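Student: Can you read through this structure? Questions will come right after.
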Amino acid sequence: PMFSKLSIFGLLFLAGSASADVRYVDANIFSGSNDGTSWANAFFGPAGVQSALAVSSSGDQIWCAEGVYLPTNGTSRGVSIVLKNGVQVYGGFNGTESSLDQRPAMGVTPSILSGDLLDNDASGSVTDNSYHVVKGTSTNATAVLDGFTISGGNSNASGNNNKGGGILCISNSSPSIRNCLFINNRCTFGGGAGYISGSSPSFTDCTFQDNIGGS
């Protein structure tokens, strides 16, 4: 009967809607099951954000504890943290919270997305850094990045790799960026902190500090 079919469809729809998850990330632990199901079993290490993004789907939230996160565990400068539609990525947790409103104030427990792949920026060496720390590749406003420090991007090559050291938003890339600090990113063409073309990202309560633009 039609009623039964509609009822089954409704149940399936509800089941799909209920599958949204919080995925936990902690750069400073190396124990637990590394599956992101709790703080104790958080995706761990510097590539934890990438691990969480890889398994996340629309409706999920990613909670990141204080620490430094990299686009890759390797040395490939072309790898970036790529945002996803429908996935909200939150930083600045201390690693004990059970609700989003328990997160400390911005800057108290900083979660840093860094392009400093070899951890040598302090010595003045940035030529081995990521071209872009974050990319908003083909995303809309449902892709959220909230509560992070973005630093160490160095777009010093050619093409799209000479612009947008902190974040690159081109070709309909319009994520929502909130409560973020863009600091010490650079490029050789334009937009040390970020480069936007053919896109409409939003930046809410963000700070841009000590970024170096190009020509």
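Student: Can you tell me the accessible area per residue over the range 62-215, all protein chains present, probe 1.4 angstrom, in square angstrom? Walk me through the numbers before you get to the answer.
Tutor: Working: 6240 Å² over 154 residues.
For the range 62-215, the solvent-accessible area averages 41 Å² per residue.
Student: Normalised by the number of residues in the range 8-163, what is the relative contact order in percent for Cα pairs under 8 Å and 6+ residues apart?
Tutor: On the way: 367 pairs, mean separation 31.4, N = 156.
It comes to 20 percent, rounded to a whole number.
Student: OK, next. Given Cα positions, please report Rg to Rh for the chain, the hydrodynamic radius being the Kirkwood one. Write out the running numbers ahead of the final one.
Tutor: On the way: Rg = 18.2 Å, Rh = 17.6 Å.
Ratio of gyration radius to Kirkwood radius for the chain: 1.03.
Student: Please state the relative contact order of the range 75-215 as a whole percent: Cα pairs under 8 Å, 6+ residues apart?
Tutor: Values: 425 pairs, mean separation 31.3, N = 141.
It comes to 22 percent, rounded to a whole number.
Student: Follow-up. With no solvent and one equal point scatterer placed on each C-alpha of the range 144-215, evaluate the Debye formula and give log10 I(q)/I(0) for q = 0.12, 0.13, 0.15, 0.23 Å⁻¹, two decimals.
Tutor: With one equal scatterer per Cα and no solvent, log10 I(q)/I(0) is -0.27, -0.31, -0.42, -0.96.
Student: Another question about this same structure. Taking only Cα atoms, what is the 0 to 90° angle, nearest 10, from helix 2-17's long axis to the longest principal axis of the chain?
Tutor: That works out to roughly 30 degrees.
Student: Now, a different point. Rounded to the nearest percent, how much of the accessible area of the chain (1.4 Å probe, protein heavy atoms only) is carbon and sulfur?
Tutor: The C+S portion of the solvent-accessible surface of the chain is 55 percent.
Student: What distance in nm separates the two pseudo spin-label positions at Asn140 and Asp205, each 7 Å out from Cα along the beta-carbon direction?
Tutor: 2.5
Student: For labels at Asp21 and Asn73 in the simple 7 Å Cα→Cβ model, what's the distance in nm?
Tutor: If labels sit at Asp21 and Asn73, their model points lie 1.9 nm apart.
Student: Given a Förster distance of 35 Å, report the FRET efficiency between Ser31 and Ser125 from their Cβ-Cβ distance, rounded to the nearest 0.05.
Tutor: Values: r = 32 Å, r/R0 = 0.91.
With a Förster radius of 35 Å, E is 0.65.
Student: Can you work out the Karplus-derived ³J(HN,Hα) for every residue in the range 126-138? Use 6.51 cos²θ - 1.76 cosθ + 1.60 with θ = phi - 60°, whole Hz, and x for glycine or proline.
Tutor: 10, 5, 9, 7, 4, 5, 9, 5, 10, 10, x, 3, 6
The values are calculated or read from the model by the stated rules, or taken from the named source; none is laboratory data. Small disclaimer: the values here were computed from a predicted structure and weren't measured. In this analysis, Cβ positions are derived from the backbone assuming ideal geometry, glycine residues included, and neighbour counts consider all displayed protein chains. The accessibility values were calculated without ligands, DNA or RNA, using every heavy atom of the protein model including side chains. Shrake-Rupley method; radii C 1.70, N 1.55, O 1.52, S 1.80 Å.
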